[in-house]
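The values are calculated or read from the model by the stated rules, or taken from the named source; none is laboratory data. Keep in mind it's a predicted model, so treat the numbers as computed, not measured. All Cβ positions, even for glycine, are placed from backbone atoms using ideal geometry, and neighbour counts span all protein chains on display. For accessibility, only protein heavy atoms count, side chains too; no ligands or nucleic acids. Shrake-Rupley method; radii C 1.70, N 1.55, O 1.52, S 1.80 Å.
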Amino acid sequence: MGRHEHEDERLLLEGRLVETEDSLYTGDGSVDIKGRPVLKSNTGNWRACPFILGNECCERLAYYGISTNLVSYLTKKLHEGNASAARNVTTWQGTCYLTPLIGAILADAYCGRYWTIATFSTIYFIGMCTLTLSASVPSLKPVECVGPNCPPATTSQYAVFFSGLYLIALGTGGIKPCVSSFGADQFDDTDPRERVTKGSFFNWFYFSINIGALVSSSLIVWIQDNKGWGLGFGIPALFMGVAIVSFFLGTPLYRFQKPGGSPITRMCQVVVASFRNRNLQVPIDSSLLYETPDKVSAIKGSRKLIHTDELKFLDKAAVHSPTENTTGTHNPWRLCTVTQVEELKILIRMFPIWATGIVFAAVYAQMSTMFVEQGMMMDTKIGSFIIPAASLSSFDVISVIFWVPVYDRILVPIAKRFTNQERGFTELQRMGIGLFLSVLCMSAAALVEIKRLDIAASLGLIDQNTPVPINILWQIPQYFLLGAAEVFTFIGQLEFFYDQSPDAMRSLCSALALLTTSLGNYLSSFILTVVTALTTRGGNLGWIPDNLNQGHLDRFFWLLAGLSFFNMVVYVFCAKLYKSKAAS
């Protein structure tokens with residue numbers, strides 16, 4: 001390293017180097033694993049991404065290897081009813097997307113994304129091994145059915161199985177909010193070239209997720225149904241081990257963002273300080289509000305944010321009190337910087353956009369529950385080959401794998417000509433298109449179910465709990481539409497919550513994006529519970545009985561289609577009002 005490079009490093013450490021596009025070092029505050037400023041030339045960018053994408057691909061293969069066919073395991077091996085199994089699946093999936101709040105807070109405040117991923121990956125691996133044992137050791141497996149007699153699983157068998165399942169949910173909590181953000185950290189968004197490339201990263205990140213999901217929904221599901229659940233759970237456990245190895249191999253190439261302290265604490269400080277200063281007047285000149293004089297923010301790992309005029313009552317947190325020391329240190333519970341206030345404003349502005357993702361996630365949850373149960377009541381034979389109902393989700397994955405390169409290489413260049421956006425569509429436009437596609441998806445599912453019930457009625461199969469002779473491939477359109485909706489909405493969410501979040505809250509904001517999936521699963525469970533309670537009154541079988549030939553699953557799908565349409569209308573209204581983040 002030459003004399004000028006040493007000087008650049010010294011100035012970077014002091015926060016006094018103004019970064020330009022051609023600087024040797026990154027301008028976003030990233031460091032190496034030892035905390036030293038990093039050169040652009042030999043760290044980050046696409047050279048670091050194969051290890052992160054490989055980790056995500058293997059981890060998602062492990063996750064979907066469990067979740068895709070879980071409803072089948074619960075009904076066939078643990079002998080649960082359709083509604084109960086669907087509730088257990090969506091509750092577990094909801095927990096998998098709720099625990100990321102824990103991992104995100106640890107990553108942003110204390111450990112950093114790298115060590116959070118490493119620690120929780122180990123917990124995840126232990127959970128996978130426990131689940132494998134529960135399906136392999138004879139004393140831990142439920143007794144097989146003998147004719148119509150299906151003995152329920154014992155308490156200890158349930159305990160071991162669900163312990164493994166919820167250890168996986170906890171492990172997911174440290175991985176999911178950090179991996180996409182850690183991958184995006186490898187691109188310096190102060191460099192125009194790397195900033196544009198980062199948009200492609202999110203597309204290929206989601207592509208790698210679905211490569212793992214494709215293997216799970218086809219090969220792993222087939223192994224579970226035909227070769228046994230011990231092997232079917234053991235292979236995903238092995239891939240989780242591969243995911244951990246892949247992640248550690250890339251360590252020398254990674255760029256790291258310093259943890260900035262607890263984002264929850266900082267937000268609470270703004271609320272408390274603004275309340276304490278409620279009687280003070282906010283100056284007309286925003287430059288009189290408190291901010292550090294340095295180029296760098298007082299928050300580690302964060303650049304300064306420009307003051308905005310919305311939510312002015314929060315600005316009181318940055319107003320100097322006559323009794324407050326104006327020269328020395330400040331009590332952060334009485335006086336906060338403009339950047340700290342703007343962090344909270346950003347989260348509040350994002351909230352309506354975030355909330356509209358919950359109904360979309362409820363629609364997505366049907367792929368691993370009601371779509372599978374619908375498929376189990378259809379003809380699964382293609383020639384002499386029998387397709388497991390859960391394997392139809394591979395068409396969702398194929399759709400994603402098809403649409404990601406089409407979007408990245410074809411739609412974006414075309415859209416650029418009309419929108420003048422560097423990524424073709426804004427994140428908000430992208431998410432809106434996905435919400436529209438979700439309405440079409442649920443409508444397609446309802447139409448297929450109407451056709452299935454008509455055939456069941458014409459053949460006198462209503463009272464028989466047997467599959468109806470309508471080919472399962474009729475489900476392909478609903479899976480394909482859901483995959484297209486994912487490419488627009490879920491990837492749009494990844495981009496939106498990373499780009500619009502404050503620098504020191506990126507893991508937390510990624511966790512909030514995942515929280516919509518959690519709440520969507522819980523919403524699905526809630527809707528199922530309410531629908532079951534309302535439609536079974538007076539001794540009726542209800543919309544979703546154990547024998548779906550006697551039910552009206554189509555009405556459930558129409559209900560979700562209606563909710564999705566209403567949600568889309570609300571989203572369009574919120575998106576028009578949204579104002580983007582501005583950094584200084």
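Here are the numbers:
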| read-out | value |
| --- | --- |
| Links that overshoot a 28 Å alpha carbon limit, given the list Lys141/Lys451; Lys316/Lys579; Lys40/Lys176 | Lys141/Lys451 |
| Pairwise FRET efficiency - Phe526 versus Ser580, Cβ, R0 = 45 Å, nearest 0.05 | 0.85 |
| For segment 448-520, accessible area per residue (1.4 Å probe, heavy atoms of protein chains only), Å² | 29 Å² |
| Three principal axis lengths of segment 434-584 [C-alpha, angstrom, descending] | 70, 33, 26 |
| Built amide H within the under 5 Å cut-off of Leu305, gap 5+ | Thr339, Ser584 |
| Pair Ile382, Tyr158: separation of 7 Å Cα→Cβ label points (nm) | 3.8 nm |
| Unit charges at the beta carbon, dipole of the chain: most positive-side option, Leu344, Ile433, Leu214 | Leu344 |
| ³J(HN,Hα) computed for each position of segment 225-237 - Karplus, 6.51 cos²θ - 1.76 cosθ + 1.60, integer Hz, glycine/proline x | 7, 10, 10, x, 7, x, 5, x, 8, x, 5, x, 4 |
| Cut-off under 5 Å, modelled amide H: who pairs with Met378 long-range | Val468 |
| Sites matching trypsin sites (Lys or Arg not before Pro) across segment 31-78 that sit in DSSP coil, with at most 14 neighbouring C-beta atoms within 10 Å | Lys34 |
| Ranked by how many other beta carbons lie within 10 Å on average, peptides 163-171, 106-114, 465-473 from highest | 106-114, 163-171, 465-473 |
| Derived scalar couplings ³J(HN,Hα) [segment 89-105; Karplus, 6.51 cos²θ - 1.76 cosθ + 1.60; whole Hz; x for Gly, Pro] | 5, 5, 5, 5, 4, x, 5, 4, 9, 9, 4, x, 4, 5, x, 5, 5 |
| The chain, relative contact order in percent, only Cα pairs under 8 angstrom and at least six apart counted | 21 percent |
| Radius of gyration and maximum dimension Dmax of segment 64-130, Cα, Å | 15.1, 44 |
| Within the chain: Cβ-based charge dipole about Cα centre, in debye rounded to nearest 20 (Lys, Arg +1; Asp, Glu -1) | 420 debye |
| Tilt relative to the chain, helix 155-184 - C-alpha long axis, 0 to 90 degrees, to 10 | 40 degrees |
| Förster radius 25 Å - calculated FRET efficiency between Arg193 and Ile410 (Cβ-Cβ, nearest 0.05) | 0.70 |
| Built amide H within the under 5 Å cut-off of Tyr25, gap 5+ | Lys40 |
| Spacing of the two label points (7 Å from each Cα toward its C-beta) at Asn465 and Phe402, in nm | 3.6 nm |
| Phi-based couplings in Hz for segment 363-368 (Karplus 6.51, -1.76, 1.60; Gly and Pro marked x) | 5, 4, 5, 5, 4, 9 |
| Descending Cα extents along the principal axes, segment 98-229, whole Å | 66, 33, 19 |
| Neighbour net charge for Arg423 - beta-carbon separation under 12 angstrom, K R +1, D E -1 | -1 |
| Extended-chain gain in nm, criterion 0.36 nm per residue less alpha-carbon gap, Val137 and Leu231 | 32.7 nm |
| Accessible area of the chain belonging to carbon and sulfur atoms, whole % at 1.4 Å probe | 65 percent |
| Overall Cα dimensions of segment 435-494, principal axis frame, Å, largest first | 48, 15, 15 |
| Fraction of alpha-carbon pairs over 24 Å apart in segment 397-514 - percent | 45 percent |
| Cubic angstrom per residue, convex hull over Cα atoms of segment 520-584 | 105 Å³ |
